[in-house]
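Visitor: Take a look at this one; I'll ask things after.
The values are calculated or read from the model by the stated rules, or taken from the named source; none is laboratory data. This structure is a prediction, so every number in the text was calculated from the model and none was measured. A quick note on method: Cβ atoms are made from the backbone with ideal geometry, for glycine too, and the neighbour counts reach across all protein chains shown.
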Amino acid sequence: MRNSVLLTQALWLFSASLGVAATSNIPQNPIPVDDALTIAKCGGCHKSSENGVMRRISYIRTTPEVWEQAIKRMLRLHGVRVTAEEASHIVRYLSANNGLAPEEAKPIFWEAEHRLFRDQEDPALVPAALQRTCNYCHTIGRVLGQRRTREEYQKLANMHVGLFPYTDIMVFRPYPPSASLAEIPVTTTAVGSYDTVVNYPKEPEAPTGGKAPIDVALDYLADQQPLLTPAWSAWKAVMQTPKLGGTWLVDGYQKGKGRVFGQMVIEATPSGDDFTTKLILKYASSGREIKRSGKGIVYTGYSWRGRSKVDGSAADDPGFSPAEMKEAMFISRDGTVEGRWFWGGYDEFGIDVHLTRVGTGTVLHGTDKFSVQSPSKGQLRVFGANIPSTLKTADFDLGPGIKVTHIAESKPTEVLLEIDVAPGVATGMHDVAFRGATAVKAFAVYDRISYIKVMPDASFARLGGTIVAKQFSQFEAVAFANGPDGQPGTDDDLTLGPVTANWSLEEFISGPNDDDVKFVGSVNDSGLFTPSLEGPNPARKKQSNNYPTDNYGDVWVSASFKPEGGSPLKARSYLVVTVPQYVHYDQPEVSR
Amino acid sequence: MKSVAPGITFGLLSMAALAAAEDSLSRPGLMYIGTLDKKLLVFDEDKQEVVGEIPVAGVPRITALSADQKQLFIVNTRMGLEVVDLVTRKASSVLNLSDGRSRPDVFGLAPDLISPGNYDFDGFSGLAVDPTGQYLYSSIRVTVKDLDEYRIEPMKFVAIDLHSKTIAKAFPFPKELDQGFGPLSSFKVSPDGKKLFVFSKDILIFDLATFTQIDKIALSKPPYPGATPLRLTVTDDPYDDATKVTSVFTSVDPIVHKGTLGLATLNLLTRDVSYTPIGPALPMIGFLVSPNRKLGYSVMFNYAGGNRRTEWWVWDLQTHQVIKTQPFESRPTFRFGLSSDGKKLYLYGSGSTLEIFDASTLASLKLIYLNKDITTNLVTLARK
């Protein structure tokens, strides 16, 4: 749910930022560079003029990740020598001097959060002008995070041709069909037993205005993502490192593991942009607690990149408490902080987090359970901060039909309530209120589970384990109650949270003799899919290709669940298990 | 005399031994393929195994065989041109086309005449071999790395002198060909080494001394079999000698728009083009002609992706009959080749396996795991 909200917000902001850029008439003057180390390390090739304008660099604004990757490319290909500390300094400087405004970065912050998007061709996300060029190879967030002049975009395109020559003929300026329509025969296709469809050759899709795809893309980028925008001018005038020192309440959600609550203590360091962190997290459903220590950097006044290490040993479970976890968080001017903490060979594991500053008053964040049944009796754990030690059952209001009968445990950060849900309580989301503090829509009340869904409904994993890491895929079975219309799958349905299901793989029959289910991997009791090893497999000769990782395939991931007193429910999700990504274009150093 | 005779005898024996050694090191029945670990593998077609390997300086990517079949020209991924002496099995570097700052690119691309509308990456190497052995010709585009940006230069046509190891001539393309001969074209040098035949919709003939067009063979109004233009493509068929170009073609009649697949041969000396219809132009992957030009082999397919079903088809070129078909399990990406005696089919590609099929029974004979990626086409030597 949170993801869909974030995406909606992102799309709105994306549209809004485009509108700003498209109407901008700001002179596109280059941005002076005045940092001595940046000039010393980059100035050998990127010459400066007297007014501080550096070739190339002064004509680009972008994210810390892209700046960091540019430095890496200079190291690898052009002989630049910098220490890690120097590189870090340059990335910080350029992110501040030639960065993105919050309004420009927010719509594509999922790129920094390393979220796996399902469809890079989504027209709502990818402008049509970029559909046939940049997003063939790049995640679109990387492209939408660029601000350059027209000439600089052209140089960027030339660099692609210089480094990857076939880019030109395969993407930028693809060759026209080699034959005229008259030279291509008409074919027929049988439909059913009696019909035949005649297929006439079709003209290829004409590029816009007779322009090649790269020219369409360059026009779009120059117009919609110019070097200078009102948003950047406004932000640069007030940009400063936010005052983050203090204690922050964390609430989060990890797919497959459920709700997470905790506290993060952030301490500022003398440098100003650097912080240290101490974290305590508790998984609400399992009660497992982890402690971590870390550090973070704030780029461009709003963009947190951090990294934490576990206090003690990492868990064997690849989806739980890794040795090292990366953090990308967006700090809004209103003081809210949200983002993703992630890990795994492909950053496929993650916790969506939301941080709020802890003051002196009581704060309630949420409950361990997503839902309770009517009628029922049971326990409900409520998480928060500054919960007083003297409590009475009457202090808690859980909404109509729910009575708190006893307080079983109480700590400043959580309280365990015994509750009694009356028969006939209407299906809906309930708040937890305590002396003026409220956890809004903390849990649902329902009479019966109507159906389950496996979420996500489609995903992918990558073979690995020998040369490269495996990419796991976590599924969860989520229960729903029909809404007032009594129909499943409609907008008024109520999410009741994940349930403990039985998991299995089934063949997705995509071809004759399909047997992928025997080779792709396995799913465990928690809905975690573990892919098989990459590499040749003589049993799968047909799968041999230019990446001889023969265990790939596509399958259904199925969940079955029997509600108490109800009929068994089933659901499934489509899973593609694909080849490893042998070359990883990543920017892990940004958070170091 | 006595003192001389043994010397002569020894000399004759040595020459005989050398000839025998040469025969074993390079002969029809051996074939060659480049691999990612900077090797050219020597494969014995009769033994069906790798019998040698020739180290090369870079990862081989583009190949072209000399007219006498004793040398193989290789352009590696670093744009280094190497010459492999197939007799001594030694590679020597001719020149680096890239100087570190500038990188030329040779595009071996040609119209795919089997699937009109597409391009064929395998049929034409992008290199034209001078039958006299002095030059190698190509059209290249250079990307120059300036101090902090890349600059793309116009296409040019170059003659690489294999003796002096230099680019001896570099010509700009005429204005009407500012993108070079383009993806619709392939080219071949005349038997005397003086002219260039460029196969586009028509065949353009250039004087190689001046790089000016001097003549044209019109194919755009074909005499046979339909009204659509015919187009031929030079392929690296080892059985095409210096005087001939053999090419499949497709043609579409103007009435019911059905496709016909045929075989055309151009005699570069007489300029005569002969056309032989083979059969209907059905969806297929590749079409290879046996050394005796009597049989054709194609891979027919149905459906796509994981559902693709592939079959070998053998065509009798004289009777236009499909004389044998055989389903087989193919890899997702592949090329196929024909042995120098026409008795075996090879299935390979950008992976690490080479599968051998009997061209007569179409049965799989052997699957060889090379345990390294193949980076070039298979080069067979014609049994001339």
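Visitor: Please determine whether any residue of segment A:562-572 is in contact with a Pro (Cβ under 9 Å, 6 or more places away or on another chain), surrounded by fewer than 15 Cβ atoms within 10 Å (Cβ to Cβ) and modelled with pLDDT of 90 or more.
Guide: Looking for residues that are in contact with a Pro (Cβ under 9 Å, 6 or more places away or on another chain), surrounded by fewer than 15 Cβ atoms within 10 Å (Cβ to Cβ) and modelled with pLDDT of 90 or more, one finds at least one in segment A:562-572, hence yes.
Visitor: Now for a different question. Which residue out of A:Val425, A:Val440, A:Val445 is part of a strand (DSSP E or B), modelled with pLDDT of 95 or more and surrounded by 15 or more Cβ atoms within 10 Å (Cβ to Cβ)?
Guide: The conditions single out A:Val445.
Visitor: Restricting to strands (runs of 3 or more DSSP E) lying wholly in segment B:296-384: which have 1 or more residues that are under 28 Å from B:Ile62 (Cα atoms) and more than 11 Å from chain A (Cβ to nearest Cβ)?
Guide: Filter on segment B:296-384 gives B:309-316, B:335-338, B:344-348, B:353-358, B:364-369.
Visitor: Could you check how many residues of segment A:73-102 are farther than 22 Å from A:Glu327 by Cβ and of a type outside the set (Lys, Arg)?
Guide: Number of matching residues: 11.
Visitor: Restricting segment B:183-202 to residues that are among the aliphatic types (A, V, I, L, M) and part of a strand (DSSP E or B), which is nearest to B:Ile214 (Cα to Cα)?
Guide: B:Leu196
Visitor: May I pose another question? Being of a type in the set (Asp, Glu) and in contact with a Phe, Trp or Tyr (Cβ under 8 Å, 6 or more places away or on another chain) narrows it down to one of A:Glu104, A:Glu86, so name that one.
Guide: The conditions single out A:Glu104.
Visitor: Restricting to segment B:161-182, name every residue that is in contact with a strand residue (DSSP E or B) (Cβ under 6 Å, 6 or more places away or on another chain) and either within 30 Å of B:Leu219 (Cα to Cα) or part of a strand (DSSP E or B) (or both).
Guide: Result: B:Asp161, B:Ile167, B:Ala168, B:Lys169, B:Ala170, B:Phe171, B:Pro172, B:Gly180, B:Phe181.
Visitor: So which residues in segment A:244-266 are of a type in the set (Phe, Trp, Tyr) and closer than 21 Å to A:Ile387 by Cα? Spell out how you get there, then give the answer.
Guide: Applying the first criterion (of a type in the set (Phe, Trp, Tyr)) to segment A:244-266 yields A:248, A:253, A:261.
Passing the criteria: A:Trp248, A:Phe261.
Visitor: Same structure, new question: Which residue pairs have Cβ atoms under 8 Å apart, sit 6 or more places apart or on different chains, and have a first residue in segment B:165-191 that is within 14 Å of chain A (Cβ to nearest Cβ) and closer than 18 Å to B:Met155 by Cβ and a second that is in a loop (DSSP other than H, G, I, E, B) and among the polar types (S, T, N, Q)?
Guide: Pairs found: B:Phe181/B:Ser200; B:Gly182/B:Ser200; B:Pro183/A:Ser178; B:Leu184/A:Ser178; B:Leu184/B:Ser200; B:Ser185/B:Ser200; B:Ser186/B:Thr233; B:Ser186/B:Thr235.
Visitor: Now for a different question. Restricting to segment B:105-151, give me the number of residues that are among the hydroxyl-bearing types (Ser, Thr, Tyr) and either within 24 Å of B:Phe301 (Cβ to Cβ) or free of Cβ contacts under 8 Å to residues at least 24 places away in the same chain (or both).
Guide: Taking segment B:105-151 as the starting set, the residues that turn out to be among the hydroxyl-bearing types (Ser, Thr, Tyr) are B:115, B:119, B:125, B:132, B:135, B:137-139, B:143, B:150.
From what's left, either within 24 Å of B:Phe301 (Cβ to Cβ) or free of Cβ contacts under 8 Å to residues at least 24 places away in the same chain (or both): B:115, B:119, B:150.
Of the residues in segment B:105-151, 3 are among the hydroxyl-bearing types (Ser, Thr, Tyr) and either within 24 Å of B:Phe301 (Cβ to Cβ) or free of Cβ contacts under 8 Å to residues at least 24 places away in the same chain (or both).
Visitor: While we're here: Just to check your reading of the model, which residue among A:Ser510, A:Ser591, A:Ser544, A:Ser532 is modelled with pLDDT under 90, under 20 Å from A:Gly465 (Cα atoms) and of a type in the set (Ser, Thr, Tyr)?
Guide: Exactly one of A:Ser510, A:Ser591, A:Ser544, A:Ser532 is modelled with pLDDT under 90, under 20 Å from A:Gly465 (Cα atoms) and of a type in the set (Ser, Thr, Tyr), namely A:Ser544.
Visitor: Determine whether segment A:556-571 contains at least one residue that is touching a residue at least 12 places away in the same chain (Cβ under 8 Å) and closer than 30 Å to B:Phe328 by Cα.
Guide: So far as segment A:556-571 goes, yes, one or more of its residues are touching a residue at least 12 places away in the same chain (Cβ under 8 Å) and closer than 30 Å to B:Phe328 by Cα.
Visitor: Next question, about the same structure. Considering only residues of segment A:484-527 that are hydrophobic (A, V, I, L, M, F, W, C) and out of contact with any Phe, Trp or Tyr (no Cβ under 6 Å at 6 or more places or on another chain), which is nearest to the other protein chains (Cβ to nearest Cβ)?
Guide: The qualifying residue nearest to the other protein chains (Cβ to nearest Cβ) is A:Ile509.
Visitor: For A:Thr466, all conditions in the list (1) under 21 Å from A:Thr500 (Cβ atoms); (2) modelled with pLDDT under 95; (3) part of a loop (DSSP other than H, G, I, E, B) hold save one; what is the number of the exception?
Guide: (1)
Visitor: Follow-up. Could you list, ordered by first residue, the pairs with Cβ atoms under 8 Å in which the first is in segment B:246-271 and facing chain A (nearest Cβ under 8 Å) and surrounded by fewer than 18 Cβ atoms within 10 Å (Cβ to Cβ) and the second is part of a strand (DSSP E or B) and aliphatic (A, V, I, L, M), at least 6 apart or interchain?
Guide: B:Lys258/B:Val252
Visitor: Could you please let me know if A:Ser473 is away from chain B (no Cβ under 14 Å) and either more than 28 Å from A:Pro580 (Cα to Cα) or surrounded by fewer than 19 Cβ atoms within 10 Å (Cβ to Cβ) (or both)?
Guide: Answer is no for this residue.
Visitor: Just one of A:Asp550, A:Asp514, A:Asp525, A:Asp492 is of a type in the set (D, E, K, R) and crowded, with 19+ Cβ neighbours inside 10 Å; which is it?
Guide: A:Asp550
Visitor: Within segment A:53-93, how many residues are touching a Cys at 6+ places or on another chain (Cβ under 9 Å), assigned to a helix (DSSP H, G or I), in contact (Cβ under 8 Å) with a residue 24 or more places away in the chain and buried (at least 17 other Cβ atoms within 10 Å of the Cβ)?
Guide: The total comes to 3.
Visitor: Does A:Asp420 qualify as being closer than 30 Å to A:Glu564 by Cβ, charged (D, E, K, R) and not assigned by TED's automatic domain parsing to the domain that holds A:Trp341?
Guide: Yes: the conditions hold for A:Asp420.
Visitor: Going residue by residue through segment B:316-330, is there one that turns out to be under 17 Å from B:Arg293 (Cβ atoms) and either within 24 Å of the chain's Cα centre (by Cα) or charged (D, E, K, R) (or both)?
Guide: Within segment B:316-330 (the criterion being under 17 Å from B:Arg293 (Cβ atoms) and either within 24 Å of the chain's Cα centre (by Cα) or charged (D, E, K, R) (or both)), the answer is yes, since at least one residue qualifies.
Visitor: Okay, moving on. Can you tell me which of A:Gly296, A:Gly301 is buried (at least 18 other Cβ atoms within 10 Å of the Cβ) and either outside the structural domain of A:Gly256 (by TED's automatic domain parsing) or on the phi > 0 side of the Ramachandran plot (or both)?
Guide: Details: A:Gly296 fails: either outside the structural domain of A:Gly256 (by TED's automatic domain parsing) or on the phi > 0 side of the Ramachandran plot (or both).
Of A:Gly296, A:Gly301, the one residue that is buried (at least 18 other Cβ atoms within 10 Å of the Cβ) and either outside the structural domain of A:Gly256 (by TED's automatic domain parsing) or on the phi > 0 side of the Ramachandran plot (or both) is A:Gly301.
Visitor: Can I ask one more? Step by step: first the residues of segment B:56-85, then only those that are over 13 Å from the mean Cα position of the chain (by Cα) and within 30 Å of B:Ser364 (Cα to Cα), then the one that is surrounded by the most Cβ atoms within 10 Å (Cβ to Cβ). Which residue is that?
Guide: Within segment B:56-85, the match that is surrounded by the most Cβ atoms within 10 Å (Cβ to Cβ) is B:Pro60.
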